[in-house]
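Here is the structure we will look at.
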Amino acid sequence: MGLKQRLFTMAAIVCGAAAIAAVGLSGMTISREQEETVFTKNKDTLYFWYTDEALTDYLGSAAVAYGENHDVRVIPALTSGLEYLEEINKASIRSENPPDLYIISNDSLEKAFLAGLASSVEEESWGEIKEEYPDAARLAVTYKNKTIGYPFYFETSSLLYNRTYLEEFAKSQIEAERDAAEGEAAMAGLEENEPEDGDMPDTSEGAVQEEWADEELQALVDERVKEILPSTIDDILGFANEYNSPEQVEAVFKWDVTDIFYNYFFAGNYMIVGGAAGDNTANMNIYNKDAIECLKVYQALNQFFSIDTKEISYDKALNDFMEGKIVYTVATTDAVAKLEEAKKNGDFSYEYGIAPVPDINEELLTRSLSVTNCIVVNGYSEKQDEAEDFARFLTCEYTDTLYSRTGKVAARYGVDYGDLNLQEFVNEYEISVPMPKMVETSNFWVELEVAFSQIWDGANVNDRLRSLSEKIMTQVTGEPYTETVIEEEEEAVQEMEYLDEEELRREAQEGEDGQ
């Protein structure tokens, strides 16, 4: 059934059946009062388009909840994501029931606004609530100093770590330090109190060592884990050199190096694409010294971790993490639900945690990429006020069950997820780089992903980043663009010699055998 025909069919089925069906599928019941609310004939009707089926039940119940207290009926319509804006445009011009509002990712806002498909939010209305959102969310919906839509939910990447492994490592360190300290204390005691002839010193374990209470040891372990958690890539490399990994561990750090969403943080703090809001073609800086230095470190990691681009994927990395083969990886918000489900099914037997993506080192900082899905009021809608009110209701008042019912993390503060790991994603999102909106740079991510892949496999970082910048800047300026070559200084210190993880494991084993 075509989109237009489906909309007419929905209108014919007494206009509210879609909302009722959605609620029924979610296991909720509808009272007679709710039925009367939904089917009241004199109510205005809002058509609300979205593309993610995971939202169906949630949006259906939201529509019913809203209809109970407003003289407006909302009909959510699941729509194909292919040529989404084009279909919205067609329906807005030709359909009797065009979408009054819809969900769209922030990188498409410029295209939507210039096509007249997105209305700006009144600044007075936005000013009442904008402090409830992180900077990344506010910037995501900003275009040319206007607010285009309401931030709904987001995606970004953070560091996922095996907490069980870190606790075991921390405990071994603490116990080794305790044993060494007690040994030194015992020796000092012997030197101070030389035994009388014939007397033997008391060397029983109880004489020199007091057992720690479980609570005390756990507190020390928790504190040490905080210290072990890497704040830089250098910290991960240092950990890999020290860590005597269990047999099942195949990699200390492994992530999907083929997907820019999990790679971008390496250079994200220094690549400027459209400025803070990603909407200014005059504010571009892709090719610069800091970005080059960051990507040189990225390339060097291939010598250490040896991740095969032909075999790695996000799903494989996450699956390896579940099987205990990886200590650290880079993950998106979906990982939390997948790991919790695996725990319930007995397929994941470890504790885990989420932390900020590490900086390169003390000087070179990192920032993750984020995409924000927002609710936009169609500029062609004849019910602007009603549509904006429902958008505000959905994004400001009806977010408490968004994650539990859809797996989406709200793009606003104040939502209690009951899980600190999800809050860590919110913290990462707060300082992330929103996807740019500019039509001229719409292919930037594909080109950047290719560049990252080639750099990982050994391409000259300076040359590859320069050619990428020249290509994008040619698109932005509309004429051939040539970058001034950045001359790199000779390394003042010898580069670190990277040993691959297999060699480190072999050396550790040889050390144990020699003891």
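The values are calculated or read from the model by the stated rules, or taken from the named source; none is laboratory data. Owing to the predicted nature of the structure, the values given are computational and were not obtained by experimental measurement. Cβ sites come from the backbone with ideal geometry, for glycine too, and all protein chains shown count toward neighbours. Areas reflect the complete protein model, heavy atoms only, side chains present, ligands, DNA and RNA absent. Shrake-Rupley method; radii C 1.70, N 1.55, O 1.52, S 1.80 Å.
Could you list all residues from the stretch 346-366 that are open to solvent by 30 Å² or more (accessible area, probe 1.4 Å) and out of contact with any Ser or Thr (no Cβ under 6 Å at 6 or more places or on another chain)?
Residues satisfying the conditions are GLY346, ASP347, SER349, PRO356, GLU362, GLU363, LEU365.
Is it the case that GLU424 is touching a residue at least 40 places away in the same chain (Cβ under 8 Å), among the charged types (D, E, K, R) and in contact with a Pro (Cβ under 8 Å, 6 or more places away or on another chain)?
Here the answer is yes, as GLU424 does meet what is asked.
I'd like to know if the stretch 293-309 contains one or more residues that are part of a helix (DSSP H, G or I), within 24 Å of LEU364 (Cβ to Cβ) and of a type in the set (Ser, Thr, Tyr).
yes
Filter the stretch 367-381 down to the residues that are among the hydroxyl-bearing types (Ser, Thr, Tyr) and buried (at least 24 other Cβ atoms within 10 Å of the Cβ) and list them by number.
SER368, SER370, THR372
How do the pairs read when you match residues in the stretch 341-355 that are touching a residue at least 60 places away in the same chain (Cβ under 8 Å) and more than 12 Å from GLY324 (Cβ to Cβ) with residues anywhere that are in a loop (DSSP other than H, G, I, E, B) and aliphatic (A, V, I, L, M), using Cβ under 6 Å and keeping only pairs 6 or more apart or on different chains?
Within 6 Å, the pairs are ALA355/LEU229.
Which ones in the stretch 114-126 are of a type in the set (Gly, Ala, Ser) and open to solvent by 40 Å² or more (accessible area, probe 1.4 Å)?
ALA115, SER120
Since PRO246 meets every condition but one in (1) in contact (Cβ under 8 Å) with a residue 40 or more places away in the chain; (2) of a type outside the set (Val, Ile, Thr); (3) within 23 Å of PHE452 (Cα to Cα), which condition does it not meet?
So PRO246 meets the others, but not (3).
Open to solvent by 70 Å² or more (accessible area, probe 1.4 Å) and of a type in the set (Ser, Thr, Tyr): which single residue out of SER313, SER306 fits that description?
SER306
Specify the residue that is farthest from LYS90 (Cα to Cα); the eligible residues are those in the stretch 382-422 that are open to solvent by less than 10 Å² (accessible area, probe 1.4 Å) and not hydrophobic (A, V, I, L, M, F, W, C).
Among those that are open to solvent by less than 10 Å² (accessible area, probe 1.4 Å) and not hydrophobic (A, V, I, L, M, F, W, C), it is THR399.
If you go through the stretch 319-341 one residue at a time, how many are of a type in the set (S, T, N, Q) and farther than 23 Å from ASP235 by Cα?
So the count comes out to 2.
Residues of the stretch 83-104 being within 20 Å of CYS374 (Cβ to Cβ) and not in a helix (DSSP H, G or I), which ones?
GLU83, PRO98, PRO99, ASP100, LEU101, TYR102, ILE103, ILE104
Looking only at residues that are over 24 Å from the mean Cα position of the chain (by Cα) and assigned to a loop (DSSP other than H, G, I, E, B) in the stretch 251-292, which one is farthest from ASP320 (Cα to Cα)?
Going through the qualifying residues, I end up with ALA282.
Has the stretch 209-225 got any residue that is among the hydrophobic types (A, V, I, L, M, F, W, C) and at pLDDT 95 or above?
So far as the stretch 209-225 goes, yes, one or more of its residues are among the hydrophobic types (A, V, I, L, M, F, W, C) and at pLDDT 95 or above.
Let's see how each residue does on (1) modelled with pLDDT under 95; (2) within 30 Å of ASN244 (Cα to Cα); (3) in a strand (DSSP E or B); (4) open to solvent by 10 Å² or more (accessible area, probe 1.4 Å):
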| residue | (1), (2), (3), (4) |
| --- | --- |
| PHE152 | no, no, yes, no |
| SER157 | no, yes, yes, no |
| THR164 | no, yes, no, yes |
| GLU168 | no, yes, no, yes |
| GLU175 | yes, yes, no, yes |
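Of all residues in the stretch 319-341, count the ones that are open to solvent by less than 10 Å² (accessible area, probe 1.4 Å) and either among the hydrophobic types (A, V, I, L, M, F, W, C) or touching a Cys at 6+ places or on another chain (Cβ under 6 Å) (or both).
Summing the residues that are open to solvent by less than 10 Å² (accessible area, probe 1.4 Å) and either among the hydrophobic types (A, V, I, L, M, F, W, C) or touching a Cys at 6+ places or on another chain (Cβ under 6 Å) (or both) in the stretch 319-341 gives 8.
Being at pLDDT 55 or above and farther than 30 Å from SER108 by Cβ narrows it down to one residue among GLU479, GLU497, GLU488; which is it?
Residue meeting the stated conditions: GLU488.
When only residues in the stretch 276-295 that are of a type in the set (D, E, K, R) and in contact with a helix residue (DSSP H, G or I) (Cβ under 9 Å, 6 or more places away or on another chain) count, which is surrounded by the fewest Cβ atoms within 10 Å (Cβ to Cβ)?
Going through the qualifying residues, I end up with GLU293.
Would a scan of the stretch 105-113 turn up a residue that is open to solvent by less than 10 Å² (accessible area, probe 1.4 Å), at pLDDT 95 or above and in a loop (DSSP other than H, G, I, E, B)?
Checked against the condition, which is being open to solvent by less than 10 Å² (accessible area, probe 1.4 Å), at pLDDT 95 or above and in a loop (DSSP other than H, G, I, E, B), the stretch 105-113 yields no hits at all.
So if I check each of SER442, SER432, which one is among the small types (Gly, Ala, Ser), in contact with a helix residue (DSSP H, G or I) (Cβ under 9 Å, 6 or more places away or on another chain) and open to solvent by 60 Å² or more (accessible area, probe 1.4 Å)?
None of the other options fit; the residue is SER442.
What is the one condition in (1) over 26 Å from GLU293 (Cα atoms); (2) out of contact with any strand residue (DSSP E or B) (no Cβ under 8 Å at 6 or more places or on another chain) that ILE312 does not satisfy?
(1)
Do we have ARG138 as buried (at least 19 other Cβ atoms within 10 Å of the Cβ), among the charged types (D, E, K, R) and either over 23 Å from THR79 (Cα atoms) or free of Cβ contacts under 8 Å to residues at least 60 places away in the same chain (or both) here?
It is true that ARG138 is buried (at least 19 other Cβ atoms within 10 Å of the Cβ), among the charged types (D, E, K, R) and either over 23 Å from THR79 (Cα atoms) or free of Cβ contacts under 8 Å to residues at least 60 places away in the same chain (or both).
Within the stretch 416-438, take every residue that is farther than 21 Å from TYR270 by Cα and either outside any loop (DSSP other than H, G, I, E, B) or at pLDDT 95 or above (or both) and give me the one that is nearest to the chain's Cα centre (by Cα).
The qualifying residue nearest to the chain's Cα centre (by Cα) is PHE425.
Count, please, the residues in the stretch 29-71 that happen to be buried (at least 17 other Cβ atoms within 10 Å of the Cβ), part of a helix (DSSP H, G or I) and modelled with pLDDT of 60 or more.
Matching residues across the stretch 29-71 total 13.
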